[in-house]
Amino acid sequence: MKAGDALPPLEIPITRTLIVAGAVASRDYQDVHHDAELAKAKGSPDIFMNILTTNGLVGRYITDHFGPAAVLRKVAIRLGAPNYPGDTMVLTGEVERVDAAPEGRTATVKVVGANGIGKHVTGTVTVSVPGGGAA
């Protein structure tokens with residue numbers, strides 16, 4: 001693991017079920033995340049993913065790469081283009097920095113999740129990796 005290392009891309013199909021399940025699991029009952037007619041009445045073409053679901057998917061992307069012992073220390077993301085049903089979000093990442101820590105190493109990873117209309121999420125994740133390895 002070193003600065004400049006690219007993480008392999010992860011393609012996530014954006015389904016209606018994923019959007020609704022993520023909203024319910026995070027107790028976000030805003031109608032724009034589960035009711036297409038009400039979302040359209042508010043100016044959206046369809047329901048769209050909430051930030052908590054996106055945050056969870058970014059965390060999954062990092063821990064899938066660095067392994068089950070990895071610990072997310074900080075997740076700082078910003079939303080852009082909405083994730084609508086029927087699209088695919090592709091997460092990509094690049095290690096920006098690696099620091100030694102008593103319990104292993106800590107990496108700062110730049111993450112981008114893009115869909116068919118643009119960048120859905122951008123941000124950085126700081127992750128501690130015991131022993132410093134990466135998958």
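Of the residues screened, residue 90 is not one that is of a type in the set (A, V, I, L, M, F, W, C), open to solvent by less than 60 Å² (accessible area, probe 1.4 Å) and more than 24 Å from residue 14 (Cα to Cα). Test residue 75 against the stated conditions and say whether it is hydrophobic (A, V, I, L, M, F, W, C), modelled with pLDDT under 95 and either more than 16 Å from the chain's Cα centre (by Cα) or open to solvent by 40 Å² or more (accessible area, probe 1.4 Å) (or both). Judged against the criteria, residue 75 is not a match. Within the stretch 2-48, the set of residues being among the hydrophobic types (A, V, I, L, M, F, W, C), within 18 Å of residue 111 (Cα to Cα) and touching a helix residue (DSSP H, G or I) at 6+ places or on another chain (Cβ under 8 Å) comprises 7, 10, 12. Evaluation of residue 52 against the conditions (1) surrounded by fewer than 13 Cβ atoms within 10 Å (Cβ to Cβ); (2) under 12 Å from the mean Cα position of the chain (by Cα) shows that the sole unmet condition is (1). In the stretch 96-110, of all residues being without any contact (Cβ under 8 Å) to a residue 60 or more places away in the chain and closer than 16 Å to residue 58 by Cα, the one that is surrounded by the most Cβ atoms within 10 Å (Cβ to Cβ) corresponds to 108. Within the stretch 1-37, being open to solvent by 40 Å² or more (accessible area, probe 1.4 Å) and either of a type in the set (D, E, K, R) or modelled with pLDDT under 90 (or both) holds for 1, 2, 3, 5, 11, 16, 27, 29, 30, 35, 37.
Just to be sure before I move on: is residue 115 touching a helix residue (DSSP H, G or I) at 6+ places or on another chain (Cβ under 8 Å) and surrounded by 13 or more Cβ atoms within 10 Å (Cβ to Cβ) in the structure I sent? Spelling it out, it is not the case that residue 115 is touching a helix residue (DSSP H, G or I) at 6+ places or on another chain (Cβ under 8 Å) and surrounded by 13 or more Cβ atoms within 10 Å (Cβ to Cβ). Scanning the stretch 63-72 for residues that are within 23 Å of residue 15 (Cβ to Cβ) and surrounded by fewer than 20 Cβ atoms within 10 Å (Cβ to Cβ) turns up at least one hit.
The values are calculated or read from the model by the stated rules, or taken from the named source; none is laboratory data. The structure presented is a predicted model; accordingly, all values stated were derived computationally and were not measured. Positions of Cβ are backbone-derived with ideal geometry, glycine not excepted, and every protein chain shown enters the neighbour counts. Note: accessible area is taken over every heavy atom of the protein model, side chains too, but ligands, DNA and RNA are not part of it. Shrake-Rupley method; radii C 1.70, N 1.55, O 1.52, S 1.80 Å.
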